[in-house]
1. Which of the numbered conditions does residue 168 fail, given that it passes all the others? Conditions: (1) over 24 Å from residue 60 (Cβ atoms); (2) open to solvent by 20 Å² or more (accessible area, probe 1.4 Å).
2. Does residue 70 count as open to solvent by less than 40 Å² (accessible area, probe 1.4 Å), without any contact (Cβ under 8 Å) to a residue 40 or more places away in the chain and within 28 Å of residue 211 (Cβ to Cβ)?
3. Could you please let me know if residue 73 is closer than 24 Å to residue 28 by Cα and acidic (Asp, Glu)?
4. Residue 90 - would you say it is among the charged types (D, E, K, R) and within 43 Å of the chain's Cα centre (by Cα)?
5. Output the residues belonging to segment 186-229 that are in a loop (DSSP other than H, G, I, E, B) and touching a Phe, Trp or Tyr at 6+ places or on another chain (Cβ under 6 Å).
6. Condition (residue is without any contact (Cβ under 8 Å) to a residue 40 or more places away in the chain, open to solvent by 40 Å² or more (accessible area, probe 1.4 Å), outside any helix (DSSP H, G or I) and more than 30 Å from residue 154 (Cα to Cα)) applied to segment 96-105: is it met by at least one residue?
7. Let me spell it out: the conditions are (1) of a type in the set (A, V, I, L, M); (2) touching a Leu at 6+ places or on another chain (Cβ under 8 Å); (3) assigned to a loop (DSSP other than H, G, I, E, B), and residue 91 meets all of them except one. Which number is the exception?
8. Hey, can you tell me all the residues within segment 212-241 that are open to solvent by less than 70 Å² (accessible area, probe 1.4 Å) and of a type in the set (D, E, K, R)?
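The values are calculated or read from the model by the stated rules, or taken from the named source; none is laboratory data. Since the structure is predicted, the reported quantities are computational estimates derived from the model, not experimental observations. Cβ placement follows ideal geometry from the backbone for every residue including glycine, while neighbour counts extend to all protein chains displayed. Each accessible area value is taken on the protein alone, full model and side chains, heavy atoms only, with ligands, DNA and RNA left out. Shrake-Rupley method; radii C 1.70, N 1.55, O 1.52, S 1.80 Å.
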Amino acid sequence: MKCIALLLAVLAVVQIQARPGPISLCGGDDDNAGRLKVYDDEEEEWGYINDGGFGEEEAQVVCQSLGYAGVDEILSVEAAVEAFGDVDSDVEIFLDELSCDGNEDNIGSCSSTQDYDEDNSPVALVCSEDVIEVQLVGGEESYIGRLEVEYDGEWGTVSDSDFGDDEAEIVCAQLGYFGGAVISNEEFGEADEEQAIHLDGVDCSGDEDLLAQCDHNGWGVDGDHADDVAIECDPLPPTEAPTTPAVAATAAPTTAAPTAAATAAATAAATAAATAAPTAPAGTAPAAVTQPPAVPAATGASATAASATAAPAITQPPAQPVVTEAAAAGVTAGPAAPQFVTEAQPAGTTAKVVVL
């Protein structure tokens, strides 16, 4: 019988010490107020924590683990309904009879049971709006120095046990800086012997907004200040390495083919210019004079008559067409102006004009 009783006691302890998942206050207008819920990793859903045995110590652990400095109020059933509405009947009760000392890092370090009393109701509370502050002291600038955290109205140090750059980055982000690295505390000196050591074994996942939301070994640590942690943050955001802009290759200039409209316009302009036959611009050499066709030799009377016939008119050189911009660009010009040539005819006949 004693063995059976001992076995049952061991099983009860195992059940009570089962570590619940993350917690949240739901239903309020702000994150610091609402009904208390806990996440069940196996069920992958949220459930209520009942108010059986829930008091100031338990509320203090809840609020501190959420990063708030303290508890404003634990609400009664009636006040909770007025503030947050009716209880959601579709949400199960996951924990009851939560029991804490008040200095635990989260409710997972408190005892509880998964058996609940139907007469109990979900916990509802309001945490202080003030968060648990951190600061770096001893350095010439506020982004470097020995780490201190405010707990229960008192500033205390943090042990460097298990404290790494991941935890330092949470501290720097909370202070509004960037990066974060653990450095030696030698240049900042040890804190006074009377100053408390608030935290030890701090372990952050990287998703926290505040250092107090990280896991730790509980508030209040025995020891000396030889292990106080010091941190250096980056005051400015990291800058990306400048990139050299790509230099575009210079392509060889190309002459665009004239469009149909441009060709037509150029042709019309050239034709009009040729028809008008303006005087050739100064400095332009005149075209060669067109010679009349050879006249066959005449004999006898024909030769006599031919000698009396006036010499045929010499055709004037054609007018030089104005070279237009379109023609200079390589656009095909219109037809040249017609040339008129008078053929010499035998005496007594009408001169014949030939259009070339």
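1. (2)
2. On the way: open to solvent by less than 40 Å² (accessible area, probe 1.4 Å): yes; without any contact (Cβ under 8 Å) to a residue 40 or more places away in the chain: no; within 28 Å of residue 211 (Cβ to Cβ): yes.
Answer is no for this residue.
3. yes
4. Numbers: among the charged types (D, E, K, R): yes; within 43 Å of the chain's Cα centre (by Cα): yes.
Yes, satisfied.
5. 202, 219, 229
6. No, because not a single residue in segment 96-105 is without any contact (Cβ under 8 Å) to a residue 40 or more places away in the chain, open to solvent by 40 Å² or more (accessible area, probe 1.4 Å), outside any helix (DSSP H, G or I) and more than 30 Å from residue 154 (Cα to Cα).
7. Answer for residue 91: the failing condition is (2).
8. 215, 228
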